[in-house]
Amino acid sequence: MIVLDGKIAAQAIKDKLKAQVENFTANGLRPPKLAAILVGSNGASETYVASKVKNCAETGFESLLIRLDASVDETTLLQTIEKLNHDHTVDGILVQLPLPKHISEQKVIETIHPAKDVDGFHPVNAGKLVQGLPGFIPATPYGIMLLLEHFDIQTKSKHAVVIGRSNIVGRPMSILLSSNIPYGNCTVTIAHSHTQNLKAICLQADILVAALGKPEFVTADMVKPGAIVIDVGITRVEDATAKKGFRIKGDVAFNEVAPKTTAITPVPGGVGLMTIAGLLTNTLQAYLNNVTA
Ligand code: GUN
């Protein structure tokens, strides 16, 4: 069994991106720039956005963090996005989700210009992914593809089961794995909350992607011996003995599942770090499209 270490894979990708950025700036070009909007002060969102900003700096990207109060009205948020759409020095825009209930996430997603939508959530980019056209792929599934590539995990003709059908992870993941691309060409089953016989379906998976957001949902009895297991879960679970008062748990019961697998991602230190690698890769692409346009 090998542990698919996201730290190693993400660092390798960041090193390559950094070298590319250094090359551009040495030739007189500005560095890529990511704008992140954080509404309110959700603890997990704060952590994710801080990590995105930190990773930008480590890779030679500029970043702009715009913090808005949780009570901000939808119009103000949409106007903030429009301003960034028109700012030629900004290559990528992301609005950290979830948003407060009084704001329509769909409207926000559709206001970001598709050319700057480095989260890949705009319907234009989602449609391009479905049709195999170049566009931005949501960072988490993209990061997982980069992880499979880094560790050269063979996927062709395998049966992949994806648990979860969110627009952010499960659905785009299922499309990528079934696409005729490197580290794709799987036969894919998408399982969700209405799936019957989930255990029997999971037991057929050569590649099992758990993206449902339920801590330790996938147990050893659901995993085919020799499977590749990708754990997308990052739920905060209260733990008084932990320094921060919580622990991060994946969707897979790692200790019992890992010995049955050929390869498995840890939590933390797996997919989460790859999400940032995916985001930075998208931002560099947005920059290239922008500066060479
Ligand atoms: N919330 C959870 N995952 C994501 C993500 O990939 N991007 C954004 N913007 N918000 C998220």
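The values are calculated or read from the model by the stated rules, or taken from the named source; none is laboratory data. This is a predicted model, so every value here is computed, not measured. Every residue, glycine as well, gets a Cβ built from its backbone with ideal geometry; the counts of neighbours run over all protein chains shown. Each accessible area value is taken on the protein alone, full model and side chains, heavy atoms only, with ligands, DNA and RNA left out. Shrake-Rupley method; radii C 1.70, N 1.55, O 1.52, S 1.80 Å.
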Hey, in the GNM for the chain with a 10 angstrom Cα cutoff, which one of ILE153, ILE234, ILE112 fluctuates hardest? ILE153
Label GLU62 and ALA44 with points 7 Å out from Cα along Cα→Cβ: what is the distance between them in nm? 3.3
Local net charge near THR76, Cβ-Cβ under 15 Å (Lys/Arg +1, Asp/Glu -1): -1
Going by amide H atoms built from the backbone, whose H comes under 5 Å of the H on VAL39, apart from near neighbours? LEU68, GLN96
Compactness ratio of the range 169-284: Cα Rg over 2.2 N^0.38 Å, N = residue count? 1.11
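Which pairs in the list LYS33/LYS83; LYS54/LYS116; LYS14/LYS243; LYS14/LYS54; LYS7/LYS244 are over 24 Å apart, alpha-carbon to alpha-carbon? Walk me through the numbers on the way to the answer.
Values: LYS33/LYS83 15 Å; LYS54/LYS116 20 Å; LYS14/LYS243 29 Å; LYS14/LYS54 12 Å; LYS7/LYS244 22 Å.
Checking Cα-Cα distances, LYS14/LYS243 exceed 24 Å.
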Highest mean first, what order results for 219-227, 15-23, 192-200 on Cβ atoms within 10 Å? 219-227, 15-23, 192-200
Ignoring ligands, DNA and RNA, what percent of the 1.4 Å accessible area of the range 75-192 is carbon and sulfur? 55
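List the relative contact order of the range 139-267 as a percent without decimals, with contacts defined as Cα pairs under 8 Å and 6+ residues apart.
Worked out over the range 139-267, it gives 21 percent.
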In terms of modelled amide H atoms, which long-range or inter-chain residues lie less than 5 Å from the amide H of PHE151? none
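Send over a whole-number figure in Å² for the accessible area per residue of the range 5-68, probe 1.4 Å. Could you put the intermediate results ahead of the total?
Numbers: 3150 Å² over 64 residues.
Result: 49 Å² of accessible area for each residue.
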Taking a cut-off of 20 Å between Cα atoms, list the aspartates and glutamates near LYS214, but don't count ones fewer than 8 places away on the same chain. ASP231, GLU238, ASP239, ASP251, GLU256
